[in-house]
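The values are calculated or read from the model by the stated rules, or taken from the named source; none is laboratory data. Computed from a predicted model, the values in this text were never measured in an experiment. No Cβ is skipped: glycine too gets one built from the backbone with ideal geometry, and neighbour counts run over all protein chains shown. These accessible areas exclude ligands, DNA and RNA; they are computed on the full protein's heavy atoms, side chains included. Shrake-Rupley method; radii C 1.70, N 1.55, O 1.52, S 1.80 Å.
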Amino acid sequence: MAPSSYNYTSPQDMWYVLIGIPGLEDVHSWISIPICFMYIVAIVGNLFLIFLIVTEQRLHEPMYLFLSMLALADVLLATSTVPKMLAIFWFHSMNISFGSCVSQMFFIHFIFVAESAILLAMAFDRYVAICHPLRYTAVLTSSVIGKIGIAAVVRSFIICFPFIFLVHRLIYCGRNIIPHSYCEHMGIARLACDNININIIYGLTVALLSTGLDIMLITMSYTMILCTVFQIPSWTARIKALSTCGSHICVILMFYAPAFFSFFAHRFGGKTIPHHIHILAANLYVVVPPMLNPIIYGVKTKQIQDRVILFFSPISICC
């Protein structure tokens, strides 16, 4: 069909239909139960973690301040996606305007890139703590931590803001079915009756030069950490040094592994990966890491354990 014969639609007049998990519509209500539970645990766990760090003076250290930033990003990531997801599963509220869809798309990508930067900052924190312990307090001052947090937000905004223009510039002709539970860049772009090569190239560039660069720097940090740790003569000191990195490594793996699986499966998976598996994995990605992050840090970080015990001890005494 020639481009001139398309029935073009103004983006401002577009309404999309999010169908949830294609192929699993009959079990949406069952899928919603664990997702709702994980969302509640994620919100309560991360907000409680932020509360502990803010109110406990002993936790006002770089490692925990970065952790509070990560917890806030987790809350925002889950909240930007899960409520609409549950509305689809429970109430069949599938319609979403173009503006709301683009806003959700922006916040999802924005939070993802910002969270990647926070994980890089946490890796840098562990590098300084283990490789240059005598300079730790001098390097990671409150001012530096604040600047790192601002830099993460500004970088993420600069990287993700063009996504809005990239989807607005496209020509649409009435296709409005998104086989997903939330809006993301390529999901919107593929509904256009236009050339989306620029969208594809920019998406890949962002993934490789921002998140990919973060992964490379994190890997370099931990390579230098391991080199330093294995030069320590005492096995006890080695284990203690590595244990401080254990929770962070778990969080890194949970964050990047499913994200890149979803990213590359969406672009290159084709018919190899069933579409409902890809969408289900993408749905779990926005709730599972936010749910597990505070649990991992709570289990593996003694200072947080002690603060939690102290917080609940008056309750146990009263009962």
- Any pair with Cβ under 6 angstrom, 6 or more apart, that starts in the stretch 176-203 at a residue that is assigned to a loop (DSSP other than H, G, I, E, B) and ends at one that is charged (D, E, K, R): 191/175
- The residue from 210, 243 that alone is hydroxyl-bearing (Ser, Thr, Tyr) and either modelled with pLDDT under 85 or touching a Leu at 6+ places or on another chain (Cβ under 6 Å) (or both) is 243
- Message: With the structure loaded, tell me whether residue 110 is open to solvent by 20 Å² or more (accessible area, probe 1.4 Å) and in contact with a helix residue (DSSP H, G or I) (Cβ under 8 Å, 6 or more places away or on another chain) or whether it fails that test.
- Response: yes
- Test set (1) hydrophobic (A, V, I, L, M, F, W, C); (2) modelled with pLDDT under 95; (3) over 30 Å from residue 29 (Cβ atoms) - residue 117 fails condition number: (2)
- Item | residue 51 being in a helix (DSSP H, G or I) and over 17 Å from the mean Cα position of the chain (by Cα) | yes
- Within the stretch 269-305, work out how many residues are open to solvent by less than 30 Å² (accessible area, probe 1.4 Å) and touching a residue at least 60 places away in the same chain (Cβ under 8 Å). 13
- Message: Of the residues 225, 196, 215, only one is over 26 Å from residue 299 (Cα atoms) and at pLDDT 90 or above; which?
- Response: 196
